[in-house]
1. Quick check: residue separation of Ser77 and Ser38 times 0.36 nm, minus the Cα distance between them. What number comes out in nm?
2. Could you tell me the calculated FRET efficiency between Ala58 and Asn116, based on Cβ-Cβ distance and R0 = 25 angstrom, to the nearest 0.05?
Amino acid sequence: LHSFPTRRSSDLGNCLCRPVAVVAASAPVAEVRQCLASGMAVVVVVESGRLLGTIDAAGLAETGLEDPAGGGEALASQICRVLPAAAVTTSLGGAQAAQALRAARAVSRWLLLVENGNLCGAVPTGAR
């Protein structure tokens, strides 16, 4: 028998975290598209230091603006999904992180991780 290390679902920061990009609410869709194409899992839209919402590849596809020819003058703030408070956590490990992931799953495809006041990544929740 072989023993394999297992990952706890509560170890959000260490093994499940995906890279994020932050763009201004006034950013054109082309900038969002470029962030996603460069490997960012999710784009976080902010305005005056306030988190407005998120855009991921699935969300962009739902808008019909994933094609570089589309989008025209559309802005990130016009296509982002509202970011509920339950989709943001400062708990990166343990039972609190697992609870945060469960809560986020009900409202968002992503749980944003904040450490020491800085956005450090996002964890997919498995929600659609």
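Every number here is computed from the coordinates shown, using simple stated rules; none is lab data. Remember, predicted model here, so these are calculated numbers, not experimental data. Note that each Cβ is placed from the backbone with ideal geometry, even for glycine, and that neighbours are counted across all protein chains shown.
1. Details: separation 39, 0.36 × 39 = 14.04 nm, distance 2.03 nm.
Between Ser77 and Ser38, full extension yields 12.0 nm more.
2. Working: r = 30 Å, r/R0 = 1.19.
That pair, Ala58 with Asn116, gives E of 0.25.
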